[in-house]
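First the structure, in the form of structure tokens, and then the observations on it.
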Amino acid sequence: RLRNEAEIWSKLRHPNVLPLLGICDDEDVAPNPVLISPFYKFGHIGNYLTNSSIKLEFADRDRLVSGVASGLEFIHANEIVHGDLKVQNVLIDMRGIPCIGDFGISKILNCHGYTSLGVGTVPYMAPELFSPGCVSTTKDSDVYSWALLLTCCQILTSERPKGRPTRPFLTSQDVHALRPKRSEYDVQKVTDDYWAILDRCWAFVPSQRPSIDNVLGSLPLLRCGGAA
């Protein structure tokens with residue numbers, strides 16, 4: 001798995017993707033081989049957003065939103081499915097730029113030998129991944145997870161996730177109830193224009209979700225001027 005992750009990660013060079021610096025297989029350093037990436041003192045995006053010493057305006061949050069979308073667009077353009085997009089896998093660099101990391105269950109599409117059986121982390125999983133017949137993530141499920149990052153992982157709201165599952169086995173009724181509800185989110189933080197895009201990303205049928213490049217093209221139009 002480590003070799004697979006390194007192979008995928010090494011193909012990605014983008015401002016919003018955590019860089020891979022190399023592999024360490026020195027047993028004096030670690031008992032098992034490890035992948036080396038930069039250390040960012042801010043940690044993951046959840047820590048950054050709840051850091052009391054950092055004042056974030058709406059414009060700052062909008063930049064985080066578009067940064068994560070830009071990183072995911074680049075990943076998908078390289079025919080790679082991330083498969084585990086969540087708050088812990090988006091780190092913040094010294095300039096406050098979000099960087100997507102952890103390609104442990106990612107896969108290269110249309111490439112023999114790179115099929116991952118991973119379906120991600122339960123609270124961020126798309127509804128189809130709870131199906132007994134589902135074996136892997138897709139670009140569509142990545143888009144679903146990206147939209148959850150915006151609302152449930154505090155980028156726009158600074159609030160904890162609402163009503164997300166913690167177990168991988170759900171009834172059909174539970175799965176249909178996964179879609180976030182408009183009434184649960186502040187319209188000043190999650191504007192109606194934002195919600196219209198997010199709601200499309202949460203479409204129950206995967207093929208009805210927009211591609212991430214389609215989403216990214218709409219983001220600059222959402223909050224006029226980025227005013228706080």
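Each value in this text was obtained by applying a stated rule to the coordinates, not by laboratory testing. Remember, predicted model here, so these are calculated numbers, not experimental data. As a convention, Cβ positions derive from the backbone with ideal geometry for all residues, glycine included, and neighbour counts pool all protein chains shown.
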### Local electrostatic count, Asn16, Cβ distance below 10 Å [Lys/Arg +1, Asp/Glu -1]
-2
### Task
Taking the Cβ of Tyr40 as the centre, find all other residues whose Cβ is under 11 Å away and add up their charges (Lys, Arg: +1; Asp, Glu: -1).
+1
### Query
Could you give the length gained on full extension between Ala6 and Ile97, defined as 0.36 nm per residue of separation minus the Cα-Cα distance, in nm?
30.5 nm
### Query
Once label points are set 7 Å from the Cα along Cα→Cβ at both Lys181 and Ile54, what is their separation, rounded to one decimal in nm?
3.1 nm
### Message
My understanding is that a pair violates if its Cα-Cα distance is over 32 Å; which of Lys55/Lys181; Lys41/Lys189; Lys11/Lys189 do that in this structure?
### Response
Lys11/Lys189
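Sort 9-19, 71-81, 29-39, 54-64 by the packing proxy (mean of other Cβ within 10 Å over each peptide's residues), most packed first. Don't skip to the answer; put the middle values down first.
Numbers: 9-19: 17.4, 71-81: 20.5, 29-39: 11.7, 54-64: 15.5.
Descending mean neighbour count gives 71-81, 9-19, 54-64, 29-39.
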